[in-house]
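One structure below.
Just so you know, all these numbers are worked out from the coordinates, no wet-lab data involved. All values derive from a computational prediction rather than experimental measurement. All Cβ positions, even for glycine, are placed from backbone atoms using ideal geometry, and neighbour counts span all protein chains on display.
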Amino acid sequence: MVQITQPTDVSALCVQIGAIQMKNPVMTASGTFGYGVEFSGLMDLNQLGGIVVKGLSLEPVPGNPPPRIAETACGMLNAIGLENIGIEAFVKEKLPVLKGFNTPVIANIYGKSVDEYARLAQKIDGIDGIDGIEVNISCPNVKAGGVAFGTDPEMAAQVVAAVKKQTGKTIIVKLSPNVTSVAGIAQSAASSGADAVSLINTITGMAIDAETRSPVLGNITGGLSGPAIKPVALRMVWEVARAVDIPVIGIGGIMTAADALEFIIAGATAVQVGTATFVNPSACIDIIDGMADYLARHEISCIRELTGTLSLD
């Protein structure tokens, strides 16, 4: 039986993303926290700033063949293949449990065409208990020969505009790092109606078993996450925060409160914690406590005062 601790005093940590008011800037990252309900017996979900559930599609998706996960130096590779139960099953089976907590729920969505994204947004718009939508544009557009939406500013704009047309909920666009100019994609998303952007998604990588001379992952390549990508993520968040006027949510290798604070100082309004939860299921809570302690030690009354304060002198 998990022992639920008393909520941390996070009054100084309140932030806002679009229309979503969060008690603190620490959210879970999509794909690493399941549907949220899996962690309800391990921690108090009421303490989180927000729960971003694993990617949802119109219909259930079985995902890629195993092996799907491989440990790497300072990180991990995953090739889950966006396996999920589909939006309807999520609403019926998982959302009722999440609605029992006082924490905003953000549905991460993905599609293989602009129409699929629009249909998902339309379905979610009328659903009570889902506070926002995180649009994963790292998916391949099957109608454009498999080119990922997030690698082309015009395609990204089409997806965001289509989603915006179908919903009044807060829209967060999750950006891919596998591009030449992430700031350009962010600007395209912002001009098309995004309320915020989150970055980075995983970096494409692979691992080889030298003994068998075969790929470690069944999909051959996968997404690299964990501490290894933090310097890349931090640089991209800094670039994007200077290029757009909407909130930026930092993701990538955040393991400690110090890591999270670096993203805030670089310009992020909030952060998402992903791979760290595999090592420590309570990582988000530890980070929240550490951020509150930092504010107290530095006599900072509000976390918002820290955003974008990187000194270049």
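Miscellaneous remarks
- R0 of 41 Å, Cβ-Cβ distance residue 178-residue 304: FRET efficiency to nearest 0.05: 0.85
- Cross-link partners of residue 92 among lysines (Cα-Cα below 21 Å; sequence separation of 8 or more within a chain): 54, 123, 169
- Close amide-amide hydrogen proximity is noted between residue 17 and 22, each under 5 Å apart and 5 or more residues distant or on a separate chain (H modeled in the peptide plane; Pro and chain starts excluded).
- DSSP-defined antiparallel bridges as percent of all bridges, the chain, nearest 5: 45
- Counting neighbouring beta carbons within 10 Å and listing from fewest to most, the residues 221, 256 come out as 221, 256.
- Restricting the trypsin sites (Lys or Arg not before Pro) of segment 128-225 to loop positions (DSSP other than H, G, I, E, B) with no more than 11 neighbouring Cβ atoms within 10 Å leaves 213.
- Residues 105, 216, 53, ranked from the fewest to the most other C-beta atoms within 10 Å, line up as 216, 105, 53.
- In the structure shown, the pairs 23/230; 164/230; 165/230 are assessed against 28 Å; a Cα-Cα span above that value is assigned to 164/230; 165/230.
- Förster radius 45 Å - calculated FRET efficiency between residue 14 and residue 214 (Cβ-Cβ, nearest 0.05): 0.35
- Loop-located GluC sites (Glu not before Pro) in segment 220-313 (DSSP state not H, G, I, E or B) with no more than 11 neighbouring Cβ atoms inside 10 Å: 299.
- Estimated dipole of the chain in Debye, rounded to 20 [Cβ of Lys and Arg +1, of Asp and Glu -1, Cα centre]: 600
- Cβ-to-Cβ counts within 10 Å put 313, 152 in ascending order as 313, 152, the fewest first.
- Relative contact order (percent, whole number), segment 11-305, Cα cutoff 8 Å, 6+ residue spacing: 20
- Here, segment 11-305 yields an orientationally averaged convex hull projection of 14.5 nm² when only Cα atoms define the hull.
- Lysines with Cα under 16 Å of residue 112, excluding same-chain neighbours fewer than 8 positions away: 143, 174
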